[in-house]
Ligand SMILES: Cc1cc2nc3c(=O)[nH]c(=O)nc-3n(C[C@H](O)[C@H](O)[C@H](O)COP(=O)(O)OP(=O)(O)OC[C@H]3O[C@@H](n4cnc5c(N)ncnc54)[C@H](O)[C@@H]3O)c2cc1C
């Protein structure tokens, strides 16, 4: 028995969850994530906070590389590694209304947002999360959470009341506005840098049915449609959050005609008001297809489509204004997929320094995936990203969760200097040895 095997054997006597090693049943499944294949020496699946603390202490004492995983949708593959430990919190997936008066819900970090929506529906509640069912609560919440009700209720972190975090020392802390308030500030946008999140207490929002769906326009009408969409959204009630999708002909998406599309979620169940808000979006150009109707909130969340045998480079940027000049740049020659997300509203009500998510003054966020063959050269990548670069010039920052590669430029785009400085100081206090570095890594400050 080698040293690690022996030590894990001892560890497993106290650890109540599963310990999965290469060769064990299920290892192939737990060693990979949505965008990456890893080969960790061990994957542990804790059953409670004390298990998490044991695993963190083990990894620290043994000097193991440590990754933390909730839903496994990290675009950069941060939630697995080679040769280290993965703490996979998927078994911590409870969803419980803990304060019915204030609608506070305790959500396990390992729950998936589709399951959360499903569990809250009988209570007439919902949490503004992302747009995809299989994305995990942990990774999305710690970086912000931009979802289908962002204009009405802000980011997911804007409804966060408290969290349970296991720090690098193995301490189990409750963090809130009044407890470990610096850490509470940092985990609202700073990602997984500060510890393992076990659960989040989130003030959910009373939500009945919503109105959602899509309208597809001819690409020939893109300029008129995009300009009209911008003007509609400027006048729209906050219940309406939408996304303008630019879909040029793209290899791998042959079933999608070149088109532009407006995806809609109206967070309210009054049909007259909903249709009054949505109606202007049905007159932006020549309609190729349309499907909008009354739905459960859980039904507006979609499925994730794996990139298949392709390399994806995803970029994003916040735009203070969707100006005429930016619209011209986008529409001149649409050659790259763009998701232009309406943000603003409640998201912008929060002060830039109130949480570690500072980009609070934008009209839209634009996300752009570029698809390449595996093994493509640096020249191929530069060529694929050239159309995005023209658009990115208009931006002033980015959402760390919508990159799928990792470097200093991405970190700086995610956090303005004052935010980064404060995050580094808090990192030094809670994780001076940088145990939690498989993420968009905030290094401990000097
Ligand atoms: C198809 C798709 C759709 C998406 N749509 C949206 C969207 O609409 N809105 C949006 O805001 N984002 C969206 N995202 C981005 C998503 O928020 C990030 O990819 C997020 O990191 C995924 O969280 P996860 O828990 O599934 O990922 P994981 O891979 O498990 O984790 C991602 C990162 O968070 C860290 N982490 C995860 N759990 C914990 C924990 N419990 N404690 C400490 N650190 C942890 C990991 O170490 C890793 O660095 C989408 C991503 C995909 C792939």
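Read-outs: derived from the displayed coordinates by stated rules, not from any lab. Treat the numbers as computed from the prediction; the structure is a model and nothing was measured. Every residue, glycine as well, gets a Cβ built from its backbone with ideal geometry; the counts of neighbours run over all protein chains shown.
With r as the distance between the Cβ atoms of residue 174 and residue 224 and R0 = 56 Å, compute the FRET efficiency 1/(1 + (r/R0)^6) and round to 0.05.
0.60
Does anyone have the angle between helix 49-62 and the longest principal axis of the chain? Alpha-carbon axes, 0 to 90°, nearest 10?
Between the helix axis and the principal axis of the chain, the angle is about 70 degrees.
List, largest first, the extents of the alpha carbons of the stretch 103-195 along their principal axes, each in whole Å.
Principal axes ranked by extent give 37, 24, 22 Å for the Cα atoms.
Would the chain count as rounded, prolate or oblate if I go by the C-alpha gyration tensor, calling it rounded below 1.5 in a/c and otherwise prolate when a/b exceeds b/c, oblate otherwise?
Note, shape of the chain comes out prolate.
When the chain is treated as a GNM, springs tying every alpha-carbon pair under 10 Å, which of 54, 92, 372 comes out with the largest mean-square fluctuation?
Ranking 54, 92, 372 by mean-square fluctuation puts 372 first.
Calculated from DSSP H runs of 4 or more alone, at -39500 (n - 2.57) each and per residue, what is the 222 nm mean residue ellipticity of the chain, nearest 500?
-8000 deg cm²/dmol
Post the alpha-carbon centroid distance, the stretch 1-36 to the stretch 94-135, in whole angstrom.
30
If neighbour count is taken as other Cβ atoms inside 10 Å, put 13, 32 in order from fewest to most.
Placing the least packed residue first, the sequence is 13, 32.
For the stretch 264-284 and the stretch 146-200, what is the centre-to-centre distance using only Cα atoms, to the nearest Å?
Here the two parts' Cα centres lie 33 Å apart.
Pairs of alpha-carbon atoms within less than 8 angstrom and 6+ residues apart define the contacts here; what relative contact order does the chain have, in percent?
Worked out over the chain, it gives 15 percent.
On C-alpha positions alone, give me the angle between the axis of helix 3-14 and the longest principal axis of the chain, in degrees, nearest 10.
80
How big is the gap, in Å, between the Cα center of the stretch 413-446 and the Cα center of the stretch 294-346?
The stretch 413-446 and the stretch 294-346 have Cα centres separated by 28 Å.
Expressed in nm to one decimal, what extension gain is obtained for the pair residue 9 and residue 312 from 0.36 nm per residue of sequence separation less their Cα-Cα distance?
Difference between extended and current length: 105.1 nm.
Given Cα pairs under 8 Å that are at least 6 residues apart, what percent is the relative contact order of the stretch 1-102?
Computed value for the stretch 1-102: 28 percent relative contact order.
With springs only between Cα atoms under 10 Å apart, run a GNM on the chain and tell me which of 319, 365, 256 wobbles the most.
Per the Cα network of the chain with a 10 Å cutoff, 256 tops the list.
Tilt of helix 222-235 relative to the longest C-alpha principal axis of the chain, in degrees (0 to 90, nearest 10)?
For helix 222-235, the angle is close to 70 degrees.
Just to be sure I understand the curve: with the Debye formula and one point per C-alpha of the stretch 303-446, what is log10 I(q)/I(0) at q = 0.08, 0.15 Å⁻¹?
Log-scaled intensity ratios, in q order: -0.26, -0.87.
By its C-alpha gyration tensor, with a ≥ b ≥ c as the square roots of the eigenvalues, how is the stretch 74-129 shaped: rounded for a/c under 1.5, else prolate for a/b larger than b/c, else oblate?
Prolate.
Would you please give the FRET efficiency between residue 328 and residue 286, computed as 1/(1 + (r/R0)^6) with r the Cβ-Cβ distance and R0 = 22 Å, to the nearest 0.05?
Calculated transfer efficiency: 0.60.
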